[in-house]
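J.: One structure coming up, written as structure tokens, with questions to follow.
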Amino acid sequence: MKFELPQLNYEYNALEPYIDEMTMRVHHSKHHQGYMDKFQAAVDGVDALKGMTAEEILTKVDRLGVTEDVRMALKNNGGGYVNHNLFFSVMGPEKQVDVKLKKEIKVRWGSVDKFKEEFSTLAGKHFGSGWAWLVRDGSGELQAYTLANQESPLSRGHKPIFNLDIWEHAYYLKYQNRRPEYIENWWQVLKFL
Ligand code: MN3
């Protein structure tokens, strides 16, 4: 399969002042592109993967019967590609509130504010590079957790709803070591809540 880099449906400066233009530009055109190119190269090297979507590959990444080097290349770069596709699509300059999701969050966490607090704490405490996730697990329940590096919830049978990038490249130019401030501001550009 020939993978494509989804274009943003907003400008690089559209998330200012919460996420700055330079961060968005480098993140999308360099980091995201880089993951995609390396993923493409790994997939092109294995005939059996050629008909599969990126999501299928990540879902089955531990059962593909490929060498450990290839498995890690698929996991890291395929995860990087798919995780960023979601991340850039769930943000925007205008809210598109998901009323049904909000209702479900209220049932599960008591209130949207309580959910945000828990999610922010998880994201703030995560050690090293990774992502914070809201997912639907195998039985359809909402779950919030963090995963290291570019690991995808798809590989554990969970369906991602939205994600927050907590790699330093996502915030360092503007926020340096102030990850909690980045997280707090990110809620402003998450479309759904
Ligand atoms: Mn990133």
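J.: Radius of gyration and Dmax for segment 102-150's Cα atoms, expressed in Å?
T.: Gyration radius and largest Cα-Cα distance of segment 102-150: 11.4, 32 Å.
J.: Please work out the C-alpha center-to-center distance from segment 1-26 to segment 80-114 and express it in whole Å.
T.: So the separation of the two Cα centres works out to 18 Å.
J.: Also: Tally up the carbon and sulfur contribution to the accessible surface of segment 26-77 as a whole percent, 1.4 Å probe, everything protein left in place.
T.: On the way: 1440 of 2720 Å².
That share works out to 53 percent.
J.: What list of whole percents do you get for P(r) of segment 109-193, with Cα-Cα distances grouped in 10 Å bins up to the one holding the largest distance?
T.: Histogram of Cα-Cα distances, whole percents per bin: 17, 51, 28, 3.
J.: Taking N as the number of residues in segment 21-168, what value does Rg over Cα atoms divided by 2.2 N^0.38 Å take?
T.: Its radius of gyration relative to the 2.2 N^0.38 Å reference: 1.10.
J.: How about segment 96-168: which GluC sites (Glu not before Pro) there are in a DSSP loop, with at most 13 other Cβ atoms within 10 Å of their Cβ?
T.: On the way: sites: E104, E117, E118, E141, E151, E168; in loops: E141, E151.
Passing both the DSSP loop test and the Cβ count: E141.
J.: What is the Cα radius of gyration of segment 69-151 over 2.2 N^0.38 Å, N being its residue count?
T.: 1.23
J.: Same structure again: Would you mind working out the accessible area per residue for segment 67-193, using a 1.4 Å probe, and quoting it in Å²?
T.: That works out to 48 Å² for each residue.
J.: While we're looking at this one, here's another question. Of the trypsin sites (Lys or Arg not before Pro) in segment 18-95, which ones lie in a loop per DSSP and count no more than 16 other C-beta atoms within 10 Å?
T.: K50, K60, K95
The values are calculated or read from the model by the stated rules, or taken from the named source; none is laboratory data. Predicted model, so just to flag it, every value in this text is computed and none were measured. Backbone-built Cβ (ideal geometry, glycine too); neighbour counts: all protein chains shown. The area values use the complete protein model at the heavy-atom level, side chains included, leaving out ligands, DNA and RNA. Shrake-Rupley method; radii C 1.70, N 1.55, O 1.52, S 1.80 Å.
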